[in-house]
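The structure appears right after this line, and notes come after that.
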Amino acid sequence: MKIAIIGAGAMGSLFAFLLHRAGHPAWLLDNDRERVATIRQGGLTLEDSTGSTRLAISTVTTDPGDIGAADLVIVFVKSYDTEEALESALSLFHEETVVLTLQNGLNNLKTIAGVTGRDRLLGGTTAHGATLLSHGRVRHAGRGETVIGSFTGSAAQETSTVAELFTSAGITTTVTSDLTATLWRKLIINAAINPLTALTRLSNGEITEHPGLTDIQQSVVNEACAVAGAEGLTISPGDALAMVREVCRGTATNKSSMLQDVVNGKRTEIDYINGAIVAAGAACHIPTPYNSVLTRLVKALEGHRSS
């Protein structure tokens, strides 16, 4: 199976490393020439609790033409870059190509479907924590379940094949029959963790040590569950908050992608996470003041590199 991963950031590099190590070489496609050159020269290095491991990686490029048509394309770019990234990589896709997004936020499936079609489009979430230390160097800061499902429910065989592939690479993966609910649960987790880490500079685990912050998490979760309910989903605020706390513990040392973006003076995905909850709430006339304030505060930080 020819695998291509679009985006060589923290999660893209982590998955490429794990797949390569398990004997499933994956191409990495990224538009950052410096990053690609660094990986091509020095490989990928994974740091975790057991130490540091380096793998030589030659299958990394800025040119999708170097890859050709792929059997599986995994999308790991930022949500706001999705359409442009897919449009520039059309040569990766053929009639049988399976496309999987494990990105943060809502609406990525809709965006990708507009480029590649819906029939072999999969979506999902992953609870693995990854911090990009430098180009090609990732800290694996926590493990968790990866859950995937099909966009239309008609790609059962493709979904099972990808789940088996990931599990064989140490990425424990299950299949869901309710992808929409799965994506909303992940959205709620991100909404209750990422902006707080970005605003406070605390790791995921450190958030739970501050009662004032956990109170904010509760309010964010309550609002999100109310909006999800208005959209026909039943997500218990108590269960959702328990999931948030579990992820905080399981990825205690991880610095969220939003925190990494703020520190590096980059645009965040806040509009696709808390901002998406605010927009959905406005559409169904449900107030979301906590999510709204967090969205505005994080946007105020964007573009200001941390010293």
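The values are calculated or read from the model by the stated rules, or taken from the named source; none is laboratory data. No experiment lies behind these values; they were computed from the predicted model shown. Glycine also receives a Cβ, built like all others from the backbone with ideal geometry; neighbour counts cover every protein chain displayed.
Looking only at residues that are polar (S, T, N, Q) and in a loop (DSSP other than H, G, I, E, B) in region 259-275, which one is nearest to I189 (Cα to Cα)?
Per the stated criteria, the residue is T268.
Can you name the residue in region 33-46 that is charged (D, E, K, R) and free of Cβ contacts under 8 Å to residues at least 40 places away in the same chain and, of all such residues, is nearest to T62 (Cα to Cα)?
Of everything passing the filter in region 33-46, R33 is nearest to T62 (Cα to Cα).
Here's a check for you: in region 121-144, which residue that is basic (K, R) and modelled with pLDDT of 90 or more is farthest from the chain's Cα centre (by Cα)?
Among those residues, the one meeting the criterion is R137.
If we only count strands (runs of 3 or more DSSP E) wholly inside region 1-110, which ones have 2 or more residues that are aliphatic (A, V, I, L, M) and modelled with pLDDT of 95 or more?
Here the list reads 3-6, 26-29, 44-48, 72-75, 98-101.
It is to be established whether one or more residues within region 141-163 are closer than 28 Å to D271 by Cβ, of a type outside the set (D, E) and touching a Phe, Trp or Tyr at 6+ places or on another chain (Cβ under 7 Å).
Within region 141-163 (the criterion being closer than 28 Å to D271 by Cβ, of a type outside the set (D, E) and touching a Phe, Trp or Tyr at 6+ places or on another chain (Cβ under 7 Å)), the answer is yes, since at least one residue qualifies.
Here is a list of conditions, (1) crowded, with 20+ Cβ neighbours inside 10 Å; (2) more than 22 Å from the chain's Cα centre (by Cα), and T38 meets all of them except one; can you say which number that is?
Evaluating T38 over (1) crowded, with 20+ Cβ neighbours inside 10 Å; (2) more than 22 Å from the chain's Cα centre (by Cα) leaves (1) as the failure.
Can you name every residue in region 141-151 that is more than 19 Å from V263 (Cβ to Cβ) and either in a strand (DSSP E or B) or of a type in the set (S, T, N, Q) (or both)?
Those that are more than 19 Å from V263 (Cβ to Cβ) and either in a strand (DSSP E or B) or of a type in the set (S, T, N, Q) (or both): T146, V147, I148, G149, S150.
Could you list, in sequence order, all residues of region 229-241 that are in a helix (DSSP H, G or I) and more than 20 Å from the chain's Cα centre (by Cα)?
Selection gives G229, A230, P237, G238, D239.
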